[in-house]
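The values are calculated or read from the model by the stated rules, or taken from the named source; none is laboratory data. Just so it is clear, the model here is predicted, and its values are computed rather than measured. Positions of Cβ are backbone-derived with ideal geometry, glycine not excepted, and every protein chain shown enters the neighbour counts.
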Amino acid sequence: MATDSTANHTMEPVSVRAPAKINLFLHVTGKRADGYHEIASLAVFTSFGDTVAISPALAGDGIQFYTDGPFAGHMGPDSDNLVLQAARLLVKTCNPVAQDVAIHLTKRLPVAAGIGGGSSDAAAALRGLDRYWGLDLPESQLMELGLELGADVPMCLAREPVLVNGIGDVLKPAPAMPWVSLVLVNPLVAVPTPTVFKARTGEFSAPMLDMSEPETVQDLVEQLLARHNDLSEAAISLAPQISDVLEAMNEQDACLLARMSGSGATCFGLFADSHEASLAKKALHQSHPAWWVESMSLF
């Protein structure tokens, strides 16, 4: 399991990365009686993302929350923020001695973008506050608390390649991934996940979670080509710009696979070489300067 630092018991500042989560494929396999959809997916995490920094606050200040970064202004009201919800859930559950804390979120990932930004932020807040307050919660309890916050939070707590089942809460380690570069592109259109699921039509898919360990990027791509993202059509019906992103990504000579992540609108391109990914990033930024474009590797 990836970690950012050793356990902290002195309420010294803690900083935790909140990497982007990418669904390399996503099958919708059923719908439960309570309305939640069941999925099967391969989720991986990248070297790029948000940061959650935790530090002491003055006595009596309670939980203080601050944001900066390019997408800080795109966030909704504090009442909807999963970082604050994570902090309040830990206070309610564990009643730490010193509850005055300042939480600083640097928001580099687009909002409602299908790359787990809010869920990854919440997972980082849980891990960071667990360390800051010296709670030393077992992994199973962190996962239970994460699921209370949202179906994607447990996989974001894992922060390593996982095969996902259920509503996002059934996880098992994925085969080891080869080194791969990615380019992420978002047309800066927010696509809320519940709206995409509501717009989805058609039959449910087979899980297809059985995967062999890919030795090369090409091996990985071959396995992914046998799978798909069941939410793409619904997301494109709500945000046609996603089609433009996929077309532009497929025009990059070295792109091995272009696909939408999660519920969109972010799309990814897989590249075998970081130099080729950097060239694609530059080309896409020049041809579509209004889009958000980043290159990165797997975490």
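Things worth noting here:
- Some residue of the stretch 77-91 being of a type outside the set (A, V, I, L, M, F, W, C), touching a strand residue (DSSP E or B) at 6+ places or on another chain (Cβ under 8 Å) and not in a helix (DSSP H, G or I): yes
- Only listed residue being among the aliphatic types (A, V, I, L, M) and either closer than 30 Å to PRO178 by Cβ or without any contact (Cβ under 8 Å) to a residue 60 or more places away in the chain (or both), chosen from LEU90, LEU82: LEU90
- Check on SER47, under 27 Å from LYS172 (Cβ atoms), surrounded by fewer than 22 Cβ atoms within 10 Å (Cβ to Cβ) and of a type outside the set (Val, Ile, Thr): yes
- When we screen ALA226, ALA254, ALA248, ALA206 for residues that are surrounded by 22 or more Cβ atoms within 10 Å (Cβ to Cβ) and more than 21 Å from the chain's Cα centre (by Cα), the only hit is ALA248.
- Flag for ALA53 being surrounded by 14 or more Cβ atoms within 10 Å (Cβ to Cβ) and among the small types (Gly, Ala, Ser): yes
- The residues listed here are THR195, THR106; of these, the one that is over 30 Å from LYS282 (Cα atoms), at pLDDT 95 or above and hydroxyl-bearing (Ser, Thr, Tyr) is THR195.
- Residues being touching a strand residue (DSSP E or B) at 6+ places or on another chain (Cβ under 6 Å) and on the phi > 0 side of the Ramachandran plot - total across the stretch 50-76: 1
- Test result for THR93, surrounded by fewer than 22 Cβ atoms within 10 Å (Cβ to Cβ), at pLDDT 95 or above, of a type in the set (Ser, Thr, Tyr) and within 30 Å of SER295 (Cα to Cα): no
- When each of SER140, SER181 is tested for being farther than 18 Å from LEU26 by Cα and touching an Asp or Glu at 6+ places or on another chain (Cβ under 7 Å), the lone residue that passes is SER181.
- So LEU270, is it part of a helix (DSSP H, G or I) and in contact (Cβ under 8 Å) with a residue 24 or more places away in the chain: no
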